[in-house]
1. If I model a spin label as a point 7 Å beyond the Cα along the Cα-Cβ vector, how far apart are those points for Asp250 and Thr388 in nm?
2. Quick one: Karplus J couplings for the stretch 177-190, per residue in order, coefficients 6.51, -1.76, 1.60, θ = phi - 60°, nearest Hz, x for Gly and Pro?
3. Please find, in a Gaussian network model of the chain (springs between Cα atoms separated by less than 10 Å), the residue of Phe212, Phe304, Phe373 whose mean-square fluctuation is greatest.
4. Multiply the residue gap between Ser319 and Ala161 by 0.36 nm, knock off their C-alpha separation, and tell me the result in nm, one decimal place.
5. If you roll a 1.4 angstrom probe over the protein chains with everything in place, what fraction of the accessible area of the chain belongs to carbon and sulfur, to the nearest %?
6. Using a 1.4 angstrom probe on the protein heavy atoms only, could you order Thr381, Thr237, Thr356, Thr305 from most to least accessible area?
7. Which far-off residues, 5 or more places away or on another chain, put their amide H under 5 Å from the one on Tyr326, with H placed in the peptide plane?
8. Solvent-accessible area of Thr230, probe 1.4 Å, all protein chains present, reported in Å² to the nearest ten, please.
Amino acid sequence: MSKTAYVRTKPHLNIGTMGHVDHGKTTLTAAITKVLSERGGSSTSYVSFDRIDRAPEEAQRGITINIAHVEYETDTRHYAHVDMPGHADYIKNMVTGAAQLDGAILVVSALDGIMPQTAEHVLLARQVGVDHIVVALNKADAGDPELIDLVELEVRELLSAHGYGGDTVPVVRVSGLKALEGDPRWTAAIEGLLDAVDTYVPMPVRYTDAPFLLSVENVLTITGRGTVVTGAVERGTVRVGDRVQVLGADIETVVTGLETFGKPMESAEAGDNVALLLRGVERDRVRRGHVVAAPGSVTPSRRFTAQVYVLSAKEGGRSTPVATGYRPQFYIRTADVVGDVDLGGTAVARPGDTVTMTVELGRDVPLESGLGFAIREGGRTVGAGTVTGLL
Ligand SMILES: Nc1nc2c(ncn2[C@@H]2O[C@H](COP(=O)(O)OP(=O)(O)OP(=O)(O)O)[C@@H](O)[C@H]2O)c(=O)[nH]1
Ligand SMILES: [Mg+2]
């Protein structure tokens with residue numbers, strides 16, 4: 001193979017941009033790669049706005065991963081960065097994508113301030129376990145500094161209200177647009193943002209010694225080579241030649257190829273974003289939401305108890321209570337499964353309540369205590385919960 005292998009020289013983290021539609025997430029993502037690619041001795045490649053802002057069904061070359069992921073390297077770290085769209089329709093991606101984030105860059109337009117999806121994304125980030133947020137007050141080139149001060153206060157308050165310690169969260173004024181144009185004041189601001197991410201987002205604990213597990217985000221066919229699944233390694237390590245089980249598809253097979261960002265690798269570990277080539281697996285057997293794991297290491301199940309927070313109407317949730325018999329969709333890792341809710345007797349859960357419930361899913365999925373999930377109905381998030389026990 002002529003492609004250069006991935007060499008692990010720095011700790012790897014997963015981060016992403018989130019925030020309201022049009023606040024400049026994609027522009028900022030492009031600007032970050034541009035600024036880093038222009039550093040002396042850099043290994044980062046510039047990824048233009050147009051290349052980020054499209055998600056092809058098929059990879060163009062190699063067994064590469066979804067184009068909405070970009071990679072870059074600071075002096076101390078290697079990052080995989082997912083640019084999450086702000087449209088309400090894409091919250092589903094946010095929920096499943098954000099679950100793997102070690103930290104997030106919350107993009108807030110300094111011109112518009114907090115908007116509904118700014119608040120929704122912060123709430124979801126908290127619910128899916130993103131513990132560290134750095135704020136990019138974008139479009140600072142166009143705003144009046146005193147108004148930007150007010151936006152900053154408002155953002156800090158929002159973060160505090162969701163337990164993010166708004167007083168200490170780094171808030172950096174940037175202009176993705178001007179940095180892309182090469183304006184030195186604003187390229188320096190991007191450097192400042194990256195320094196904040198490097199120092200404020202700690203290196204997470206990686207469970208590399210646990211049995212391998214990856215939840216499938218995407219399935220691709222590489223002509224002449226076979227079926228490839230992509231996703232982030234949740235725990236453990238995997239090497240070319242390893243036997244794996246695909247839960248959901250009921251297949252046991254062998255990993256015959258392994259790549260990250262189009263670069264072949266010998267072994268992948270917890271936290272890595274990878275593509276796995278699977279021997280002799282037909283494409284239509286495997287779907288998003290299936291789980292690839294070390295054989296025998298997990299047993300799927302469908303009944304569990306959970307603690308669930310029911311979003312208030314103000315947070316975009318329901319305006320009426322839910323009761324036993326409620327049948328929404330459960331977003332668990334990358335899976336999307338229908339489930340029956342049992343609250344016990346005639347109990348109801350009102351918007352804004354935290355309740356315990358029993359859930360019976362429509363199919364078996366790998367579950368464990370402590371696993372987080374989102375509950376969705378009619379295209380919106382109505383609840384966020386944690387598995388407390390298996391039945
Ligand atoms: N003045 C100014 N405009 C900007 C800046 N960053 C982005 N914009 C403009 O804001 C608009 C939206 O930018 P995008 O980067 O597409 O925003 P987004 O958050 O990715 O939008 P969605 O993915 O649709 O949610 C575009 O017209 C950009 O040119 C900035 O720093 N300053
Ligand atoms: Mg965008």
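1. Output for this residue pair reads 3.4 nm.
2. Rounded to whole hertz, the list is 5, 5, 5, 5, 7, x, 5, x, 4, 8, 5, 5, 5, 5.
3. Looking only at Phe212, Phe304, Phe373, the largest GNM fluctuation is found for Phe304.
4. 54.8 nm
5. The computed percentage sits at 48.
6. Details: Thr381 0, Thr237 65, Thr356 100, Thr305 40 Å².
My answer, sorted largest first, is Thr356, Thr237, Thr305, Thr381.
7. Val341
8. Around 10 Å² of this residue is reachable by solvent.
The values are calculated or read from the model by the stated rules, or taken from the named source; none is laboratory data. Worth saying up front: this structure is predicted, and the values here are computed from it rather than measured. Because the Cβ atoms are built from the backbone with ideal geometry, glycine has one as well, and the counts that use them run over all protein chains shown. Please note that ligands, DNA and RNA were not included when accessible areas were found on the heavy atoms of the full protein model with its side chains. Shrake-Rupley method; radii C 1.70, N 1.55, O 1.52, S 1.80 Å.
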